[in-house]
Amino acid sequence: MKAEVKKEINIPLFDIREVGTVKDVRRGIARINGLPSCIYGQLVQLSNGVKGIVMGFTENDVMAIILGEDQNISVGDEATSLAELISIPVGNGFLGRVVNSLGEPLDGKGEIASVDAYPVFRDAPGVMEREPVIDPLSTGVKIIDLAIPIGKGQRELVIGDRQTGKTSICIDSIINQKNSGVVCIYCWIGGPQIALKKIIHTLQENNVFKNTVILSASADTSAAEQYLAPYAASALGEYFMYNGRDALVIFDDLTKHAWIYRQMSLLLERSPGREAYPGDIFYLHSQLLERAAKLKKEKGSGSMTFLPIAETLQGDITGYIQTNLISITDGQIYINSSLFREGFKPAIDMGFSVSRIGSRVQYPAIKEVSSGLRLEYSQYREMLRMTKLRTRLSDEAMKKMRRGETLHEILMQPNNCPVSTPEEICLFYAFSRGVLEPLDPGSLKAFMSEFFAYLQENDSALAVLIENKKDLTPEVKSGLDKNIAAFFRSLHERKK
Ligand code: ATP
Ligand code: MG
């Protein structure tokens, strides 16, 4: 017997070919007799070139989930154990392509040139390989960049009810990486194909599809494919990370992933626990989300950031899967359906949302303009509730209300329109100077959409300085003050 240790995975795999027979095939799961040396996760070759992964054991048999169609597998077929664990081809050729959980193209554009194969289930980088998360990853969503900042290598959960804009926030984050050099991987699990088609269309329209990989395991694919999808997406992300690049991986969504795992586990005859989920459901997601990392310089300084999505029912974040995910990730962006119905979009609830990494991943200028913003906004919401009872307000309270209204207005943004970091700096600097409150809605809108372009045209040196340094030095501040005043003058003249 030859014991061979696979260096990357650290699991001893015995290179013995055993040949067993299929005893039973049911709903994508084959029960195989005669493979006594199989280990968990090992691949088996079934008839017609279809493979399976060993996922369960009984006293005499092993149970394998079938990767692909199970119609052509019959009782009595041969099943050969392979001395390998499941892997996915990787390479730069995957950018701009749509693939399944096995890395096979789904877009009909032909073969994808791969450079290597990465294990789908891989141990997360160890603590000595990592570096603290300090580099910002700008999402272009104003509320997130200012109040719940995300860093390269972080895991931030996006959680909320159905149809409240969870996917839109993540798509905005992808669109915002157009010129940032960050590679995006969008993993679609258990959703309808038509919705994915729309997302692909949005990415193409915004010219970011070419640096995105779409990994699709839609609702009509096998349970095995849906189960493997997030791990395969991480393996693709790891290829970029280990090659010194920054990757952003989105899992849309992990609640559906947990459902499919529950379904599979019940079919594998594992004993059900709370809400009929198997006992290892926490491990399922923690093993996955631990793979996000910011690597040390010696390892190439690459990073992999995760934005997993979780769905809630009626805003209940205390569900089993939801609490698990909240405890595993470095914070959550909570989307409130009543804010969405009120028209506050993106409907991010700043009170319930946190980033445990905090403001150390913000650019200095963003850090300066965002301090106190959360408090100011929550005070405004509180006052709004109070004023429903009180009609007369003091001058001071009126002023605060006006400021809150302006903040409310500038935090909103439509989907598919990410705001660049320099624009965010200019906008919130103007807000901190208190020059936006007197503006009427039309002028405020004009300021938000036109000011940075105006600055680039009239004071390009200052615009470049803000873009490169992202710091509010005294010269930048005085320059901005001057330009804001000049912009308002031009706006005034235009109106006349
Ligand atoms: P699902 O639960 O179906 O996955 P979701 O929470 O991912 O839904 P989205 O699909 O992102 O939600 O968005 C739902 C709807 O809200 C879409 O029609 C989208 O266009 C709209 N929407 C999302 N964000 C905004 C926004 N900032 N401004 C205006 N409309 C928005
Ligand atoms: Mg969605």
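Sort through 87, 114, 81, 101 and tell me the only one that's of a type in the set (Gly, Ala, Ser) and under 27 Å from residue 179 (Cβ atoms).
Only one candidate qualifies: 114.
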Of 378, 370, 353, which residue is within 28 Å of the chain's Cα centre (by Cα) and within 16 Å of ligand 1 (Cβ to nearest atom)?
353
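Residue-wise test of (1) crowded, with 24+ Cβ neighbours inside 10 Å; (2) closer than 17 Å to residue 53 by Cα; (3) out of contact with any Ser or Thr (no Cβ under 9 Å at 6 or more places or on another chain).
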position: 198; (1), (2), (3): no, no, yes
position: 203; (1), (2), (3): no, no, no
position: 226; (1), (2), (3): yes, yes, no
position: 236; (1), (2), (3): yes, no, yes
Would you call residue 158 crowded, with 18+ Cβ neighbours inside 10 Å, modelled with pLDDT of 95 or more, among the aliphatic types (A, V, I, L, M) and part of a loop (DSSP other than H, G, I, E, B)?
no
Return the total of residues in segment 256-288 being in contact (Cβ under 8 Å) with a residue 40 or more places away in the chain and surrounded by fewer than 21 Cβ atoms within 10 Å (Cβ to Cβ).
12
So residue 346 fits all but one of (1) surrounded by fewer than 17 Cβ atoms within 10 Å (Cβ to Cβ); (2) under 19 Å from the mean Cα position of the chain (by Cα); (3) not in a helix (DSSP H, G or I); what number is the exception?
(1)
Looking at segment 129-174, which of the residues that are more than 16 Å from ligand 1 (Cβ to nearest atom) and in contact with an Asp or Glu (Cβ under 7 Å, 6 or more places away or on another chain) is nearest to residue 410 (Cα to Cα)?
138
Pairs where the first residue, in segment 61-78, is under 20 Å from residue 227 (Cβ atoms) and the second is in a loop (DSSP other than H, G, I, E, B) and of a type in the set (Lys, Arg), C-beta under 9 Å, 6+ apart:
70/27
Of 432, 460, the only residue that is polar (S, T, N, Q) and under 22 Å from residue 375 (Cα atoms) is 432
When you go through 285, 257 one by one, which is the residue that is within 16 Å of ligand 2 (Cβ to nearest atom) and under 22 Å from residue 306 (Cβ atoms)?
257
Would you confirm whether any residue within segment 189-198 is touching a strand residue (DSSP E or B) at 6+ places or on another chain (Cβ under 7 Å) and either away from ligand 2 (no atom under 16 Å from the Cβ) or assigned to a helix (DSSP H, G or I) (or both)?
yes
Could you tell me how many of the residues in segment 428-448 are assigned to a helix (DSSP H, G or I), without any contact (Cβ under 8 Å) to a residue 60 or more places away in the chain and closer than 22 Å to residue 363 by Cβ?
3
Being out of contact with any Pro (no Cβ under 9 Å at 6 or more places or on another chain), more than 10 Å from ligand 1 (Cβ to nearest atom) and β-branched (Val, Ile, Thr) is the filter; apply it to segment 175-207 and report the residue that is farthest from residue 231 (Cα to Cα).
194
Pick from 172, 135, 145: which is at pLDDT 95 or above, more than 16 Å from ligand 2 (Cβ to nearest atom) and either small (Gly, Ala, Ser) or farther than 18 Å from residue 294 by Cβ (or both)?
145
What's the number of the only condition in (1) part of a helix (DSSP H, G or I); (2) of a type in the set (A, V, I, L, M, F, W, C); (3) in contact (Cβ under 8 Å) with a residue 40 or more places away in the chain; (4) touching an Asp or Glu at 6+ places or on another chain (Cβ under 9 Å) that residue 466 fails to meet?
(4)
Considering every residue within segment 118-131, establish whether at least one is within 30 Å of residue 325 (Cα to Cα), within 16 Å of ligand 2 (Cβ to nearest atom), in contact (Cβ under 8 Å) with a residue 12 or more places away in the chain and not in a strand (DSSP E or B).
no
Report yes if residue 96 is modelled with pLDDT under 95, assigned to a loop (DSSP other than H, G, I, E, B) and surrounded by fewer than 19 Cβ atoms within 10 Å (Cβ to Cβ), otherwise no.
no
Kindly list the number of the only condition in (1) away from ligand 1 (no atom under 14 Å from the Cβ); (2) surrounded by fewer than 19 Cβ atoms within 10 Å (Cβ to Cβ); (3) of a type outside the set (S, T, N, Q) that fails for residue 215.
(2)
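The values are calculated or read from the model by the stated rules, or taken from the named source; none is laboratory data. It should be emphasised that the depicted structure is a prediction, and the values quoted were computed from it without experimental measurement. No Cβ is skipped: glycine too gets one built from the backbone with ideal geometry, and neighbour counts run over all protein chains shown.
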